[in-house]
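First the structure, in the form of structure tokens, and then the observations on it.
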Protein chains: 2
Amino acid sequence: MDKNSAVAAGRQPKVVGARSLVEAAYATIRHDILDGTLAPGLKLRFEMLRERYGVGASTLREALTRLVGESLVTSEEQRGFRVAEVSLDDFADLTRARKLIEVEALRQSILHGDDAWEGVLVGAFHRLSKVEEKLATGAPELRDDFEERNRDFHYALIAACPSRWLKHMHGILFQQSERYRRLSLAAKDESRDVHAEHKAVLDAALARDVDLACRLEAEHIDKTLQLLSRRFAPKT
Amino acid sequence: MDKNSAVAAGRQPKVVGARSLVEAAYATIRHDILDGTLAPGLKLRFEMLRERYGVGASTLREALTRLVGESLVTSEEQRGFRVAEVSLDDFADLTRARKLIEVEALRQSILHGDDAWEGVLVGAFHRLSKVEEKLATGAPELRDDFEERNRDFHYALIAACPSRWLKHMHGILFQQSERYRRLSLAAKDESRDVHAEHKAVLDAALARDVDLACRLEAEHIDKTLQLLSRRFAPKT
DNA sequence: ATATCTAAAAATCTCGAAAATTCGTTGACA
DNA sequence: TGTCAACGAATTTTCGAGATTTTTAGATAT
């Protein structure tokens with residue numbers, strides 16, 4: 001009754017929790033794209049992918065199709081798959097859309113959240129704080145950890161929003177944002193205190209100050225775009 | 001250089017414009033789900049699907065994965081695929097989310113739209129009107145036509161919105177709405193003049209009356225939900 | 001009756017090779 | 001020198017069988 005017994009000996013998925021090779025391949029490729037290991041625009045040839053991820057063509061094809069659905073991969077009929085391109089324009093557009101949706105979800109979440117929600121939220125913030133501390137001392141191997149906990153915190157903020165569809169939309173946009181964050185912020189910005197931003201949003205949410213929390217969250221979302229714009233389009 | 005020469009003799013895709021069997025299968029299954037031909041909750045067994053759509057398991061799997069990405073199909077690891085369930089609650093949630101996004105997209109579209117946009121919009125409205133007329137005389141075989149032109153009209157309304165992501169989100173939600181509309185409104189409601197609703201939105205958009213257009217569009221989106229709620233949860 | 005186990009049946013998942021298409025090079029011709 | 005067709009190589013797409021897992025049904029025991 002091993003958790004991965006579903007998969008024959010010699011081809012266990014490398015990803016914990018994966019119950020099939022498709023899911024394992026999907027998770028790994030997804031990680032490598034968010035990571036930048038598979039660079040934007042890269043042609044994804046099946047021979048290369050088979051060698052790298054050790055699964056068959058059909059399995060890869062299914063994993064890639066899933067990533068196309070998340071706009072992390074693009075496909076052109078009979079011409080294969082590519083890692084989705086990135087651009088500052090796209091990130092600006094993405095950020096606006098994400099603000100619209102995440103702020104509305106946060107508003108509803110604060111209005112509906114109960115004590116249990118607060119508990120989970122405080123816990124997520126705590127775990128995020130811990131990894132932020134360690135990351136500040138310069139430990140780049142914690143990058144994955146940070147992103148996971150950052151995601152958990154932001155998800156926890158809107159967890160009490162009763163709209164499944166709003167949360168679904170948010171998930172799509174958040175993942176895209178995560179990609180831009182990871183691709184661009186390998187070098188972190190000294191002028192920014194992310195922890196303080198998170199703390200401010202948390203406090204406003206716990207105080208049930210809807211307008212303040214939403215304003216802070218919107219500013220928080222905007223911040224990465226502003227820093228990136230400054231770096232890649234410096235008018236000075 | 002036939003348009004479908006990509007596919008071997010004996011297995012041409014049944015769908016015009018499809019350049020691969022995966023795409024043809026995807027389009028056909030998608031249609032059958034929106035249609036209700038494949039009922040909500042139905043278990044999608046590969047043997048049944050292979051017989052019905054005439055393609056191999058891997059091909060089907062890829063088509064279904066694509067539909068999972070659009071939330072028209074659900075999947076559980078090692079337990080196959082099912083047609084996504086429907087519920088009044090889900091439709092209510094969906095409608096609220098769609099209002100948020102479609103109204104914002106419409107607002108931006110009206111602000112950015114130029115003469116070319118107006119032209120396409122007026123054309124789409126005209127084509128929609130024509131099929132509405134014919135449909136009113138009772139011609140149920142025009143259902144597909146109506147849905148296509150209705151979709152074209154709504155897409156044309158927001159076409160000038162500069163945000164790709166907002167339009168992407170809208171597309172997902174609109175498709176879901178289309179499913180509910182088709183599943184429930186086979187019997188059309190006499191008390192509703194859809195044509196008048198569309199005309200009112202069009203006029204407000206052309207008059208660049210942003211607030212009015214958005215209000216009318218929101219009411220238009222709400223209307224189907226209201227009628228459905230009344231029918232399936234009648235308190236009288 | 002209910003629960004537990006086991007084997008057979010049914011279904012899903014995966015692979016590798018064949019089929020189909022696109023890409024890239026060569027050579028004929030203007 | 002430039003264009004284009006033809007041909008071979010590279011790549012994508014598809015299939016169907018076999019491996020793996022889940023489900024069903026029957027038998028046994030509590």
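Each value in this text was obtained by applying a stated rule to the coordinates, not by laboratory testing. A quick note: this is a predicted structure, and the numbers were derived from the prediction, not measured. Cβ atoms come from the backbone with ideal geometry, glycine included; neighbour counts cover every protein chain shown.
Quick one: give the max-minus-min coordinate of the C-alpha atoms of the protein assembly as shown along each principal axis, largest first, in Å.
Here the Cα extents, ordered largest to smallest, are 74, 54, 54 Å.
Report the local net charge at A:Trp165: Lys and Arg +1, Asp and Glu -1, summed over other residues whose C-beta lies under 9 Å from its C-beta.
+2
Which distances, in nm and shortest first, link the B:Pro140 label point to the same label point in every other copy, taking 7 Å along Cα→Cβ?
Nearest to farthest, the other copies are at 6.5 nm.
Using Cα-Cα distances under 8 Å and only pairs 6 or more residues apart, what relative contact order does chain B have, in percent?
Value for chain B: 20 percent.
Across every pair of different alpha-carbon atoms, what Kirkwood hydrodynamic radius in Å does chain B reach?
It works out to 19.4 Å.
Could you give the radius of gyration (one decimal) and Dmax (whole number) of the Cα atoms in segment A:110-236, in Å?
Every Cα atom of segment A:110-236 included, Rg and Dmax give 15.0, 49 Å.
Within 10 Å of each Cβ in A:88-98, how many Cβ atoms from other chains are there, averaged over the peptide?
Rounded to a whole number, the mean comes out at 3.
Please find, among residues of chain A, the one with the beta carbon closest to the rotation axis relating it to chain B, distance in whole Å.
Per the A/B rotation axis, the closest residue of A reads A:Gly69, 1.
At 222 nm, what helix-only mean residue ellipticity would chain A give, in deg cm²/dmol to the nearest 500, using -39500 (n - 2.57) for each DSSP H run of four or more?
-22000 deg cm²/dmol
Where nothing but the Cβ of Lys and Arg (+1) and of Asp and Glu (-1) is charged, how large is the charge dipole of the protein assembly as shown around its Cα centre, in debye to the nearest 20?
It works out to roughly 1160 debye.
Among rounded, prolate and oblate, which fits segment B:54-97 when a ≥ b ≥ c are the square roots of the eigenvalues of its C-alpha gyration tensor, a/c under 1.5 means rounded, and a/b larger than b/c means prolate?
Note, shape of segment B:54-97 comes out prolate.
Show me the GluC sites (Glu not before Pro) within segment B:67-99 that DSSP assigns to loop and that have at most 13 other Cβ atoms within 10 Å of their Cβ.
Passing both the DSSP loop test and the Cβ count: B:Glu76, B:Glu77, B:Glu85.
Taking the label point as lying 7 angstrom from Cα along the Cα-to-Cβ axis, what are the distances from B:Asp114 to the corresponding position in the remaining copies, in ascending order and in nanometres?
5.5
What are the distances, in nm and sorted shortest first, from the label point of B:Asp89 to the label points of the same position in each other copy, with each label point placed 7 Å from Cα along the Cα-to-Cβ direction?
From this label point to the equivalent ones elsewhere in the assembly: 4.3 nm.
With a cap of 15 neighbouring Cβ atoms within 10 Å, and only residues DSSP puts in a loop, list the trypsin sites (Lys or Arg not before Pro) found in segment B:76-174.
Those that pass, being in a loop and sparsely packed, are B:Arg79.
Please pull out the direction-averaged projected area of segment A:25-74, using the convex hull of its alpha-carbon atoms, in nm² to one decimal place.
2.9
Amide H neighbours of B:Leu44 under 5 Å, at least 5 residues apart or on other chains, H built in the peptide plane: list them.
So B:Leu44 has HN proximity to B:Phe81, B:Arg82, B:Val83.
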